[in-house]
Every structure is written in C-alpha cells, then in structure tokens.
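Comments concern the structure below.
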C-alpha cells in the first residue's frame with residue numbers, strides 16, 4: 001500500500017548525476033534544493049520517499065549532510081524521517097553514512 | 001583363505017602401478033589446491049594493496065584540497081596565475097570525490113572475498129566525512145589553518161582504515177601472511 005503511494009526519486013534522472021554543495025550559493029544541484037524539492041513536501045505529508053542513489057555519482061558528504069541531516073533541522077522528527085525514507089543503493093557505506101546524518105542532526109529550536 | 005607368496009607377488013605386480021597412479025593423483029590434487037589457495041591469497045593481497053594505495057592517495061588529495069584557498073571565480077583581479085590556481089584546485093576536488101567514490105566498490109569487492117569487518121565500513125564513512133564534510137564544495141570552503149585539529153583527525157581516519165583492512169586480511173589468512 002505504501003509502496004504504491006511512495007514518491008520515487010531517481011537522483012540521476014530527477015535531480016542531477018553530479019549533486020554537490022549545500023545551498024544555492026554552491027550551485028544549482030545542492031543539498032538544500034534536493035531536500036526542498038524531493039524530501040520535505042512528501043515526508044511532511046506522511047508519504048514514503050524512495051531515493052534511488054546509484055544514478056548519482058561521487059556524493060560529497062556536505063551534500064548528503066545538508067540534504068538528509070537538513071531534513072531533521074527543518075522540523076521532521078527522526079523517527080518519521082527514518083520510517084518514511086527508503087534509501088535504495090548497492091553501496092552499504094553510503095546508506096550507513098546517510099543514516100548517521102539523520103541520527104546526528106539536531107532539530108533547530 | 002590363505003594367500004600364497006606367488007599370489008601376493010602377482011597382486012603386487014598388477015596393482016602396484018595403480019597405487020602409484022593413485023598417489024600421484026592425490027599429490028597433484030593436494031598441490032593444485034595449495035597453489036589455487038596461494039593464488040587466491042595473492043589476488044586478495046593485491047586487492048587490499050590497491051585499496052590501501054587509494055586510501056593514501058585520497059588522503060594526500062584531501063590534504064591538498066583543504067590547504068588550498070579557492071580563488072573566487074570571475075573576480076576582477078583574475079589574472080592567468082589565479083585562473084590556473086582555480087583550475088588546479090577544482091581539479092583536485094573532483095579527483096578527491098571520484099577517487100573516494102572508487103573506494104567503496106573496492107571495499108565491497110573485498111567483502112565479497114571475505115575480507116570483512118564492520119570496522120572497515122565505519123572507518124570508510126569516517127574518512128569520507130572528514131575529507132568531504134563541513135564546508136566542502138561550498139562557497140564558504142576555506143583552507144584549514146596549519147594547527148587545525150581536523151588535520152590530525154583526517155590522518156587518523158586514513159590510518160584507521162588502512163589498519164582495519166590489514167587486520168581483516170590477517171584474520172582471514174593469518175598474522176604473518178603477505
């Protein structure tokens with residue numbers, strides 16, 4: 001049921017093959033832009049988001065932290081983020097790294 | 001039923017060549033297995049060495065990237081020298097990203113060959129975070145001061161990953177194998 005209503009985002013096709021940076025100052029395909037376009041609207045409305053990561057290339061940790069850690073800073077609680085986000089990748093270290101950003105980020109008071 | 005000396009000699013004459021063939025075959029199988037195991041170990045050792053080389057290369061690149069000030073693109077005093085410096089700095093950043101992205105599949109290949117430990121993944125993530133976290137690839141990216149603690153953390157995570165790879169290899173093949 002959830003899978004049917006999930007928002008599937010293919011990093012390479014729907015965003016960029018070479019995402020980089022944190023904010024708009026750092027280029028068009030930055031972490032904030034990704035978060036605002038593909039994560040926040042769906043997660044905040046309780047929709048599952050499947051992120052296909054393997055079509056993107058050479059992720060910088062700054063991009064990942066901003067996109068996923070920023071989700072927590074923008075008011076989504078960790079439990080909701082963890083349950084609604086599905087990270088689809090063959091790279092287990094990448095998945096683990098993103099999970100750490102979700103866990104380490106602190107909500108902005 | 002007793003066997004006469006003549007019968008025993010006859011049996012020996014008939015079966016001795018087959019026994020010899022059996023011994024030779026068993027010997028061949030044993031030595032073939034040992035040779036295969038040795039070759040596999042050598043191949044895995046080469047894979048580990050390649051991964052270690054890459055870890056050291058990305059750390060060197062990280063040192064270059066984080067010690068270089070990025071000239072601002074399009075600034076009015078952009079002379080040829082500064083342009084070149086910008087090209088070099090951006091090229092180093094890209095090389096760092098792409099080299100780091102090669103490291104993860106290499107480590108996964110090692111996992112498939114049973115060179116594995118949760119510490120390796122942990123150390124890899126730590127290295128990635130230290131090399132490409134914070135203000136990396138942002139307009140706020142500044143060179144790290146010489147006495148910045150992040151230099152030590154970066155070198156430490158390089159050493160940790162190399163140690164984890166070596167330890168996982170030794171756990172698989174014994175402490176004295178190369």
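If I take the Cα coordinates of the protein assembly as shown and project them onto the principal axes, what are the three extents in Å, biggest first?
Sorted from largest, the Cα extents of the protein assembly as shown read 107, 57, 31 Å.
For q values of 0.18, 0.23, 0.29 Å⁻¹, compute log₁₀ I(q)/I(0) with the Debye formula on a Cα-only model of the stretch B:11-59, without solvent.
Listed by q, the Debye log ratios stand at -0.68, -0.81, -0.94.
Between helix B:80-112 and chain B, what is the angle of the helix's C-alpha long axis to the longest principal axis, kept within 0 to 90° and rounded to the nearest 10?
The two axes meet at around 30 degrees.
With contacts defined as alpha carbon pairs under 8 Å and 6 or more residues apart, what's the relative contact order of chain B in percent?
Here the relative contact order equals 30 percent.
Relative contact order of chain A, please, whole-number percent, based on alpha carbon pairs below 8 angstrom and at least 6 residues apart.
29
Add -39500 (n - 2.57) for each DSSP H run of 4 or more in chain A, then divide by its residues: what number comes out at 222 nm, to the nearest 500 deg cm²/dmol?
-8500 deg cm²/dmol
Any idea what angle helix B:5-67 forms with the longest principal axis of chain B, computed on alpha-carbon atoms, 0 to 90 degrees, nearest 10?
0
Return the average number of partner chain Cβ atoms within 10 angstrom of each residue Cβ along peptide A:90-97.
Per residue, the average neighbour count from other chains is 6.
Taking other Cβ within 10 Å of each residue's Cβ, how do B:29, A:72 sort, fewest first?
B:29, A:72
Would you list B:104, A:74 from fewest to most Cβ contacts within 10 Å?
Going from sparsest to densest Cβ surroundings: A:74, B:104.
Quick one: B:151, B:18, fewest Cβ neighbours within 10 Å first, how do they rank?
B:18, B:151
Which angle between 0 and 90 degrees, to the nearest 10, do you get for helix B:149-173 versus the longest principal axis of chain B when only C-alpha atoms count?
10
Sorted from largest to smallest, which semi-axis lengths in Å does the alpha carbon gyration tensor of the stretch B:111-178 give for its equivalent ellipsoid, taking the root of 5 times each eigenvalue?
That gives 31, 13, 7 Å for the three semi-axes.
Averaged over A:20-28, how many beta carbons belonging to a partner chain fall within 10 Å of each residue's beta carbon?
4
Using label points projected 7 Å from each Cα along Cα→Cβ, tell me how many nm separate residue B:70 and residue B:26, to one decimal.
Output for this residue pair reads 6.9 nm.
May I ask you to order A:21-28, A:45-52 by the average number of other C-beta atoms within 10 Å around their residues, highest value first?
A:21-28, A:45-52
Which value, in nm² and rounded to one decimal, describes the direction-averaged projected area of the C-alpha convex hull of the stretch B:1-98?
Mean projected area for the stretch B:1-98: 11.8 nm², to one decimal.
Relative contact order (percent) for the stretch B:89-163, with alpha-carbon contacts under 8 angstrom and 6 or more residues of separation?
Relative contact order, the stretch B:89-163: 35 percent.
At 222 nm, what value in deg cm²/dmol follows for chain B if DSSP H runs of at least 4 each add -39500 (n - 2.57) and the sum is divided by all its residues, to the nearest 500?
It comes out at -28000 deg cm²/dmol, rounded to the nearest 500.
How much FRET efficiency would the formula 1/(1 + (r/R0)^6) give for residue B:12 and residue B:41, where r is the Cβ-Cβ distance and R0 is 51 Å, rounded to 0.05?
Efficiency at R0 = 51 Å is approximately 0.75.
Please state, rounded to one decimal and in Å, the Kirkwood hydrodynamic radius that chain A gives when every pair of distinct Cα atoms enters the mean of 1/r.
Kirkwood hydrodynamic radius for chain A: 13.6 Å.
Read-outs throughout are calculated quantities, based only on the coordinates presented, and are distinct from any laboratory measurement. What you see is a predicted model, and the numbers here were worked out from it, not measured in a lab. Cβ coordinates were reconstructed from backbone atoms using ideal geometry, including for glycine residues, and neighbour counts include every protein chain displayed.
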